[in-house]
1. Residues to consider are ILE55, ILE31; find the one that is out of contact with any Asp or Glu (no Cβ under 9 Å at 6 or more places or on another chain) and surrounded by 17 or more Cβ atoms within 10 Å (Cβ to Cβ).
2. For segment 47-80, give me each residue that is β-branched (Val, Ile, Thr) and without any contact (Cβ under 8 Å) to a residue 60 or more places away in the chain.
3. Could you go through segment 32-46 and let me know if any residue there is touching a residue at least 12 places away in the same chain (Cβ under 8 Å), outside any loop (DSSP other than H, G, I, E, B), within 18 Å of the chain's Cα centre (by Cα) and under 15 Å from VAL63 (Cα atoms).
4. Go through segment 5-28 and give me each residue that's surrounded by fewer than 16 Cβ atoms within 10 Å (Cβ to Cβ) and not aliphatic (A, V, I, L, M).
Amino acid sequence: MKWNLRLAAANRGIWKASEFQRMLAERGLVISAGKMSGLWSGSPNVVKLDELDVICTVLGCGVDELLIPEPENVAQPCHHDNDQSMAVGQDRPVAPRAGGGRSLPPR
C-alpha cells in the first residue's frame with residue numbers, strides 16, 4: 001500500500017504538516033512530532049483505525065484516497081511440481097492423518 005496523505009492534504013490547500021497537526025488536534029487527535037513526521041513523509045509505522053477516521057474527517061475524503069493499493073509489490077505464489085501441499089517451513093508434503101474421525105471427549 002502507498003500512503004498518500006501529503007497529496008490528499010495538498011489537494012485541499014494544506015501545505016504544512018504543522019497546520020494539519022493543528023487541525024487534527026482540534027478534532028481530538030493529538031499526534032507527536034515524530035508520528036506526524038512519519039505520516040507526512042509517506043512512511044508511517046502505524047496508523048490506527050480511529051486515527052484514520054479523524055484524518056479522513058479533517059480532509060473530507062475516504063480511505064481510498066489515502067491508501068493506494070500496489071498489487072505489483074505482492075509476491076507471486078510459488079508453484080511446486082508435485083500436487084501435494086507443503087506445510088510452511090516443511091521440506092516434506094503434508095499427509096492426512098489416518099483415523100476414525102472424531103476424538104473422544106475428555107473424562
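1. On the way: ILE31 fails: out of contact with any Asp or Glu (no Cβ under 9 Å at 6 or more places or on another chain).
After applying the criteria, what remains is ILE55.
2. Of segment 47-80, the ones β-branched (Val, Ile, Thr) are 47, 54-55, 57-58, 63, 68, 74.
VAL47, VAL54, ILE55, THR57, VAL58, VAL63, VAL74 - these are the residues of segment 47-80 that are β-branched (Val, Ile, Thr) and without any contact (Cβ under 8 Å) to a residue 60 or more places away in the chain.
3. yes
4. Across segment 5-28, the qualifying residues are ASN11, ARG12, GLY13, TRP15, LYS16, SER18, GLU19, ARG22, GLU26, ARG27, GLY28.
FYI, it's all coordinate maths here, none of it is from the lab. Keep in mind that this is a model prediction, so the values were computed, not measured. Don't worry about glycine lacking a Cβ; one is built from the backbone with ideal geometry, like all the others, and counts go over all protein chains shown.
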